[in-house]
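The values are calculated or read from the model by the stated rules, or taken from the named source; none is laboratory data. Please read all numbers here as calculations on a predicted model, not as lab measurements. Please note: Cβ atoms are built from the backbone with ideal geometry, for glycine as well, and neighbour counts cover all protein chains shown. Each accessible area value is taken on the protein alone, full model and side chains, heavy atoms only, with ligands, DNA and RNA left out. Shrake-Rupley method; radii C 1.70, N 1.55, O 1.52, S 1.80 Å.
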Amino acid sequence: MRCTFNSFIKDYWILMVLIAVKMVLHLLIINPVYELHRDEFLHLDQANHLAAGYISVPPLTSLVSLLIKLLGGGVFWIRFFPAFFGALTLIVIWMIVEQLKGGTLSKILVGTIFIFSVYTRINILYQPTSFDILSWTAVFYFLIRFIKEDRPLWLFLMMIFFVIGWYNKYNIIFLFIGLSAGFLLTDLRKKLNVKLLIILFLVGIILIIPNLLWQYIHQFPVVLHMKVLRESQLSHVDRIGFLKEQFVMLFCAIPLILAAFIGFLRYEPFRKYRIIGITFLITLSAFTLLRAKNYYGLGLYPVLLPFGAVFLEERLKSRFKIVAPGYLALDLLIFFTVFGFMFPVLSPAEIHQKESQFKALGLLRWEDGKNHQLPQDFADMVGWKEMAVKTLNIYNNLSDSVKKETLVFCDNYGQTGAVNFYNRGKMVDAYSFSTDYLFWIPDNLNIKNVILVGKPPADKVQKLFDHFSRVGFIENPDSREKGTSIFLFRGAKPGFAEFFRAEIIRRRAEMDCF
């Protein structure tokens, strides 16, 4: 008993060290030259417009954004939460190893492989993906507990995390489909209480009713959002390329993933967990057929790492003490070899010097299928402060009476969110026809002047003002917004208010909303 207790204490401290490594790594991994990502600006602005749903994402992100706002809204907290969700995922993975009776070395192996991998790349951005991976891993953990103990409590907790996952990112429905098929294709279906399943399903539906009602009232804008996403981005995804990218992203984890599947097939204690392997195959196949983004399937892999490590520990016996450290050393060597390519640690100038290497790795290829100067995510993290400062300077050059009748308007959500993030409290809020901002435009605006960030509008719009001029543009050559102009419209004619309101109604109608 004392030995077991001492082992538990030792493992506890090792886990704490790994968590500390992961959190500190995220504080050091981003070059200060980079700002927030365009998506992060939108997510943060949702804290100022709380609702049961949004066009871009479900509402959980807005609640986290509200917490960040209450904590001061600084970059530290924006970086903290995705890293924190990654650390929680690490803890769940550790707990899975414990459930499988894995030893300390298996825990260290799994924890290290998870930290020094693509998951750290995911956890540097404030996006729903970090919590998405956590919720999927938690569902698998409670599934394992249910298989071991056959207690309804674990099914209930699975349902709760499905609900939380739904409020975070809708693609958890694919995990539900995969798991449902897994239950039907394995002997686990005999353990299920149909009455209990119906009750849990109904409770789950009741819990997501606020979001379903929001979608219904707005005539399911998520459908249009997915349609636009498919046409503008997913159409460029190659199915074979998607599978290749899974291989590249999880390269260092492949031995553990393969070991997990061998264990499901040949290791007797793991056969009762075959549902996990079946769920993996069905869900990944669905993502492949639908041309999903490469990171959509990342929630499937963390649960496989413990199975692979524990299987190797059992089969290799004493040799595992030699193989595991060697594996860890190789993982760290590969990770730090590609470190400068995976993470925004190099400045744009340094990336330009290594352009051929970045291009050869496919890192300069954007969602439009073309190569550009910087990786897309990196280009989306520069130029925003310049845009916000120039917009604010133009606004401040207006007299107080003119400011009261001035609308700040932007072409896309990144521009709008960035202007609001840097300038909130210093000027009026910016709005846009892009995504959620379309629904946040107040009805009682008195508009006589417009500061427009984006492309020049059509001639018919320019003619609705007495004066129109280009007063600035984004100069940062590495920004995705390079060349974006800032225009000033003064003296709106009587027809502008009617035109603007009609345009809002038209665009909302195009989204099948209201």
**OP:** For the chain, report the accessible area per residue in Å² (1.4 Å probe, heavy atoms, rounded to an integer).
**Re:** 46 Å²
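Could you tell me the calculated FRET efficiency between Asn48 and Gln353, based on Cβ-Cβ distance and R0 = 41 angstrom, to the nearest 0.05? All intermediate terms of the calculation are to be shown ahead of the outcome.
Values: r = 41 Å, r/R0 = 0.99.
Using R0 = 41 Å, I get an efficiency of 0.50.
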Original post:
Which lysines have a Cα less than 16 Å from the Cα of Lys317, not counting those fewer than 8 places away in the same chain?
Top reply: Lys101, Lys107
Subject >> Listed candidates (1) 1.01; (2) 0.99; (3) 1.04 - label of the one calculated as Rg/Rh (Cα atoms, Kirkwood Rh) >> reply: (1)
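Assuming 0.36 nm per residue, please report the length gained on full extension of the stretch Val24 to Ile254 beyond their Cα-Cα distance.
Working: separation 230, 0.36 × 230 = 82.80 nm, distance 2.60 nm.
Extending this stretch completely gives an extra 80.2 nm.
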Original post:
What percentage of the solvent-accessible surface of segment 13-126, computed with a 1.4 Å probe over protein heavy atoms, is contributed by carbon and sulfur atoms?
Top reply: 76 percent
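Please list Cys410, Cys252 from largest to smallest accessible area, probe radius 1.4 Å, with all protein chains kept in place. Kindly include the intermediate steps, with their values, before the conclusion.
Numbers: Cys410 0, Cys252 25 Å².
So, going from the largest accessible area down, we get Cys252, Cys410.
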Original post:
Using the alpha-carbon atoms, what tilt in degrees (0 to 90, nearest 10) does helix 304-316 show relative to the longest principal axis of the chain?
Top reply: 30 degrees
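Hey, with R₀ at 51 Å, roughly what FRET efficiency would Leu332 and Leu213 work out to, going by the Cβ-Cβ distance, to 0.05? Show your work: numbers first, answer last.
Details: r = 49 Å, r/R0 = 0.96.
The value I calculate is 0.55.
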Original post:
Using a probe of 1.4 angstrom, how much of the accessible area of segment 449-514 is carbon and sulfur, in percent?
Top reply: 53 percent
Subject >> For Arg151, solvent-accessible area (1.4 Å; no DNA, RNA or ligand), Å² >> reply: 110 Å²
Subject >> Inter-probe distance in nm under a simple model that places probes 7 Å from Cα toward Cβ, at Arg266 and Ala502 >> reply: 7.3 nm
Subject >> Computed accessible area, Lys448, all protein chains, 1.4 angstrom probe, square angstrom >> reply: 90 Å²
Original post:
By a straight-distance test (C-alpha under 29 Å), which lysines pair with Lys404 as possible cross-link partners, with residues fewer than eight away in the same chain excluded?
Top reply: Lys69, Lys385, Lys390, Lys426, Lys448, Lys455, Lys460, Lys463, Lys493
Original post:
Between segment 39-65 and segment 114-151, how many Å separate their Cα centres?
Top reply: 21 Å
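Which FRET efficiency, nearest 0.05, do Gln462 and Asp150 yield, Cβ-Cβ r, R0 60 Å? Don't skip to the answer; put the middle values down first.
Details: r = 70 Å, r/R0 = 1.17.
Using R0 = 60 Å, I get an efficiency of 0.30.
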Original post:
To the nearest 10 Å², what's Lys10's accessible area with a 1.4 Å probe?
Top reply: 110 Å²
Original post:
Residue by residue through segment 371-381, which ³J(HN,Hα) values in whole Hz follow from phi under the Karplus form 6.51 cos²θ - 1.76 cosθ + 1.60 (θ = phi - 60°), with glycine and proline marked x?
Top reply: 8, 9, 6, 10, x, 4, 4, 5, 5, 7, 10
Original post:
Just the C-alpha atoms of segment 142-182: what Rg/Rh do they give, with Rh taken as the Kirkwood radius?
Top reply: 1.00
